[in-house]
Every structure is written in C-alpha cells, then in structure tokens.
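Have a look at the structure below before the remarks.
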Amino acid sequence: MTQESSIFGHVGADLDNQRFHHGTGAVLRVGGGRCAVYRDEAGDLHAVSARCTHLGCLVRFNDAELAWECPCHGSRFAVDGSVIQGPANKPLEPRDLPEPTGPAEDSAALVDP
C-alpha cells in the first residue's frame, strides 16, 4: 500500500524545507502522476519521470550517491535522469512541475513506494 503525506503548500519555491532539503530527492505525486524531484544545492527543482525505463518500477533517491535507483533490477540514473548504470539504456524523461497554485492536496504529495 502506498502512503502519501503532504510536504508542500505549493510546488516550487514554497516546498517545505524541513522535509525536502537542498541536495535531496523524493518521488512526488503531481497531477495524478509520479515525478522524481531533486532539489539542488541552489534550491532549484529538477523533475523527471519516476518510472524506470527498463521495466517501469518506481525509482528511489539515494541521498549518499545523489542518484535515482531502481529497486527492481539495479538501474541507476543521475539527478537529470541520464543513465549511470543499466540494465536501463534510456534516460528518465524530463517532467514539468506545475506553477505554484494551491494547497498541497491539489499540488503534490510525497510517495513512499
């Protein structure tokens, strides 16, 4: 069962810094889909598809390696979605985050795969 909890009042600059620090990533439910979102050291957000391009499993963020990793077969991706290690041979697709528009329930939620 997937557990979700709100982590921001708005997508973007209003992200809750207490739960989503610079230099970390999380899988977020955005507009009914899942995005792998990384907040860089400057505070900018980078979003890619959260589905591994090998067989479609949900990736997870490795804080120590600053990489997206697939728990199913070990594919690894850089924060920009490029392939670091297979078996995946295609990058994670870039995703656009919506502009800040409303409360967390309408914008994004943390997904605990």
* Amide H contacts under 5 Å for Ser75, placed H, 5+ residues apart -> Cys70, Ala88
* Give, as a single signed number, the net charge of other residues whose beta carbon lies under 12 Å from the beta carbon of Ala67, with Lys and Arg counted +1 and Asp and Glu -1. => -2
* To do: Once you have a ≥ b ≥ c as the square roots of the Cα gyration tensor eigenvalues for segment 33-95, tell me rounded if a/c is under 1.5, and otherwise prolate or oblate according to whether a/b is larger than b/c.
  => prolate
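Mind ordering 43-49, 28-34 by average Cβ neighbours within 10 Å, highest first? Display every interim value, and only then the final one.
Numbers: 43-49: 17.7, 28-34: 16.0.
Highest to lowest by the protection proxy: 43-49, 28-34.
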* Taking the Cβ of each residue in Phe77, Phe61 as the centre, tally the other Cβ atoms inside 10 Å and list the residues starting with the fewest. => Phe61, Phe77
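Every read-out reported here was derived from the displayed coordinates using simple, explicitly stated rules and does not represent laboratory data. The shown structure was predicted, so the numbers you read here are calculated from the model rather than taken from an experiment. Counting neighbours? That spans all protein chains shown, and the Cβs are built from the backbone with ideal geometry, glycine included.
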